[in-house]
Amino acid sequence: MEGLPILDGVDLRSPEAGPKPTRSLQSRGLDLSQPAAQLERLDSLALSTDADFDAYAAEAGFTPFTPAPLDIFQINVGKLCNMTCRHCHVDAGPDRTENMTLETVEQCLAALDRTTAHTVDITGGAPELNPHFRTLVDGCVARGKHVIDRCNLTVLLLPKLKDLPEYLADRGVEVVCSLPHHRARNTDAQRGDGTYEKSIEALRRLNAVGYGQGDPQRVLTLMTNPAGAFLAPDQASTELQWKRSLERHHGVTFDRLIALNNMPISRFLEWLEETGNLQGYMQKLLDAFNPGALAGVMCRNTVSVSWDGHIYDCDFNQMLDLPAVDRAGRALHVSDFPTATTQDRTIVTARHCFGCTAGAGSSCGGATA
Amino acid sequence: MSDYYKADHLARFGEISQGNPDLAKKFFAWYGATFEDGALTKREKSLIALAVSHAVQCPYCIDAYTTGCLEAGSDLEEMTEAVHVAAAIKGGAALVHGLQMLEKAEERGM
């Protein structure tokens, strides 16, 4: 069974393992699975301006657009997932076998010893499906880092991972869970039928081990992103409504809500094209450009490491195959990270970057304005 | 109908300032302030606006507040309930006038 996505007898490709409203672009052999094809689609749109992100950043005072001190070391441990959400920017799924090896995990931990980053943000795919996930978490905790697990919730229901809530709680790991909406309709529309019910059950299990009750060692963060071609809601006023709704309908509690816009790349790009929303959505992102959201976007205080150890300005650039480069034009790798010049570089941008500066701003930590 | 209602008029709404910039400026400032979070949230106000849009049967407003409600975090269930509230008031408003009919009928009839 080696090579097959089977975990303790559960086939990750099955609907029981997690909802699957679509299949990966790669498994369908689509041109759009290629980063260059995605960038070309965005560049070829005729918009109201030339939509040159660097020019917008320069107008807002960033000439050139450069990083701030490093706070967050984000590690994408692979593309394997038990779900195939319609909007996934990673094109993740059970067929994606790219997964970080133990050697690269160890390189990441060694790099952490050499950085001042206070937070390690672990993402995927479903990062918990990487066989070295716990080695990575334990290593980060031992180094005194604040650890974030970006969790799709449904993965917690897999029999093999049933002890995971307690494992994470014991180590004070913050769990950031994807839940597009506090009610079923929009959640299932984006992530597949049955997602909402499974997500509520997973939230109950997290609550049962102390998450979501105001304990700083058991922080439960929910992450909403729109189920369609519109911008994310205001996270502060929405949080209160979500807390009331989830408690009233399900007796579930959480600590905070963060709201993110969808990036017009990968499977969300496919959906935008198929539904005739691409032009309108890209124009909307451009019209909603907020200079006040620019200083706080994640590429300025985060580096993103891929499953094979390469360094990117953010997880979106990683998926678009736009590596971070130093002043000498060399692509950065975690094995030689950080160099003295790591934060002395220019952030690589393209039109998708308008997704992070639209409205209240949007990054892995939520609104930025 | 197409001569009277054009979808691009919504995006071009600001052009109304051409005839009187001062009044337009006051209107848009007041309009913007009305929808800020206050005792009611932006989301609640957007749902009210969506319902009123249907009651006044304004296609521009329906377009704007369908997106507005979604971006404020509402879903189709909530938005449909808001439209039913508008429809119920419109229906009720028609039907309650039946009491005028009833009184007239009683006055005129035997």
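Just so it is clear, none of the values below were taken in a lab; they were calculated from the coordinates. The structure displayed is predicted, hence computed values, not measured ones. Cβ: placed from backbone, ideal geometry, glycine included. Neighbour counts: every protein chain shown.
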TODO: Return the residue satisfying two criteria in turn: it lies in segment B:51-110 and is surrounded by 11 or more Cβ atoms within 10 Å (Cβ to Cβ) and acidic (D, E), and of such residues it is farthest from A:A360 (Cα to Cα).
DONE: B:E81
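Of these, A:A236, A:A227, A:A232, which one is within 14 Å of chain B (Cβ to nearest Cβ), touching a Leu at 6+ places or on another chain (Cβ under 9 Å) and surrounded by fewer than 20 Cβ atoms within 10 Å (Cβ to Cβ)?
Numbers: A:A227 fails: surrounded by fewer than 20 Cβ atoms within 10 Å (Cβ to Cβ); A:A232 fails: surrounded by fewer than 20 Cβ atoms within 10 Å (Cβ to Cβ).
Being within 14 Å of chain B (Cβ to nearest Cβ), touching a Leu at 6+ places or on another chain (Cβ under 9 Å) and surrounded by fewer than 20 Cβ atoms within 10 Å (Cβ to Cβ) holds for just one of A:A236, A:A227, A:A232, which is A:A236.
For segment A:168-186, state whether one or more residues are within 14 Å of chain B (Cβ to nearest Cβ) and touching a residue at least 60 places away in the same chain (Cβ under 8 Å). Before the answer, list the steps.
In the first step, residues of segment A:168-186 are kept if they are within 14 Å of chain B (Cβ to nearest Cβ); the result is A:179-186.
Keeping just the survivors that are touching a residue at least 60 places away in the same chain (Cβ under 8 Å) gives A:182-183.
Yes; the residues of segment A:168-186 include at least one that is within 14 Å of chain B (Cβ to nearest Cβ) and touching a residue at least 60 places away in the same chain (Cβ under 8 Å).
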Open item on the list: farther than 28 Å from A:R86 by Cα and in a loop (DSSP other than H, G, I, E, B): which single residue out of A:T135, A:T116 fits that description?
Closed with: A:T116
TODO: State yes or no: is A:T84 in contact (Cβ under 8 Å) with a residue 60 or more places away in the chain, hydroxyl-bearing (S, T, Y) and outside any helix (DSSP H, G or I)?
DONE: yes
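Evaluate segment B:67-82: report whether one residue or more is farther than 28 Å from A:W242 by Cβ and in contact (Cβ under 8 Å) with a residue 12 or more places away in the chain. If you could, list the steps in order and put the result at the bottom.
Kept after step one, since they are farther than 28 Å from A:W242 by Cβ, are these residues of segment B:67-82: none.
No - not one qualifying residue is present in segment B:67-82.
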Task: segment A:264-281 - residue that is surrounded by fewer than 24 Cβ atoms within 10 Å (Cβ to Cβ) and among the aliphatic types (A, V, I, L, M) and, of those, nearest to A:R205 (Cα to Cα) - done: A:L272
Task: helices (runs of 4 or more DSSP H) contained entirely in segment B:6-110, each with at least 2 residues that are more than 14 Å from chain A (Cβ to nearest Cβ) and closer than 27 Å to A:N261 by Cβ - done: B:21-34, B:42-55, B:59-71, B:76-96
Task: So A:D255, is it touching a strand residue (DSSP E or B) at 6+ places or on another chain (Cβ under 9 Å) and away from every other protein chain (no Cβ under 14 Å) - done: yes
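Of all residues in segment A:253-269, how many are of a type in the set (S, T, Y) and under 21 Å from B:S74 (Cα atoms)? Don't jump to the end; show me each part of the working.
First, pick out the residues of segment A:253-269 that are of a type in the set (S, T, Y): A:253, A:266.
Retained after the next criterion (residues that are under 21 Å from B:S74 (Cα atoms)): A:253.
Number of matching residues: 1.
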